[in-house]
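The values are calculated or read from the model by the stated rules, or taken from the named source; none is laboratory data. As the structure is a prediction and not an experimental result, all values here were calculated from the model. Here the Cβ is made from the backbone with ideal geometry for all residues, glycine too, and neighbour counts use every protein chain on show.
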Amino acid sequence: MTLVEVVIVMAILVILASISSIVYIDYINKARMYRAMDTIGALSTEISSYGMDTGVYPQSLAEIGYAGLLDPWGNPYEYVNIRNAGSGFGGMRKDKFLVPINTDFDLYSKGLDGQSATALNAAKSKDDIIRANDGQYIGLAGGF
């Protein structure tokens, strides 16, 4: 083997390794996204059950036993009780027309970047995993 052949083989290995690492990172991010979606769905069911049992939604996730629950990126899940909060739209998530996306409660993960804004069309909110349409949609804010 000559030095040129060894260099060519090494270049091919580096290219294959870089492609596979990109695919692996994408796979990990999708798995985290789906795990957050599943958790939001389960929490939504718990909150709704609590609301049916008591007649009011909990003021925090701690009331249903999920204080300190972290999303797959290490950030706490965000919960905003809309129905029991009274008048005003403070803290509610809003779609691109600035219309609230839920009428009962907001539940979301801040996603990969760990940042969020109330408007879903804000750059900070595109990667958030949200619950919208009173639980009819759970997924990426950018896809809503």
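Overview of values
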{"item": "Of all residues in the stretch 87-142 being of a type in the set (A, V, I, L, M, F, W, C), within 16 Å of the chain's Cα centre (by Cα) and in a loop (DSSP other than H, G, I, E, B), the one that is surrounded by the most Cβ atoms within 10 Å (Cβ to Cβ)", "result": "Leu120"}
{"item": "Residues (closer than 23 Å to Ser48 by Cα and at pLDDT 90 or above) located in the stretch 112-133", "result": "Asp128, Ile129, Ile130, Arg131, Ala132, Asn133"}
{"item": "Number of the exception - Thr39 against (1) more than 20 Å from Ile138 (Cα to Cα); (2) at pLDDT 95 or above", "result": "(1)"}
{"item": "Odd one out for Tyr108, checked against (1) of a type outside the set (A, V, I, L, M, F, W, C); (2) touching a strand residue (DSSP E or B) at 6+ places or on another chain (Cβ under 8 Å); (3) closer than 21 Å to Tyr66 by Cα; (4) at pLDDT below 90", "result": "(4)"}
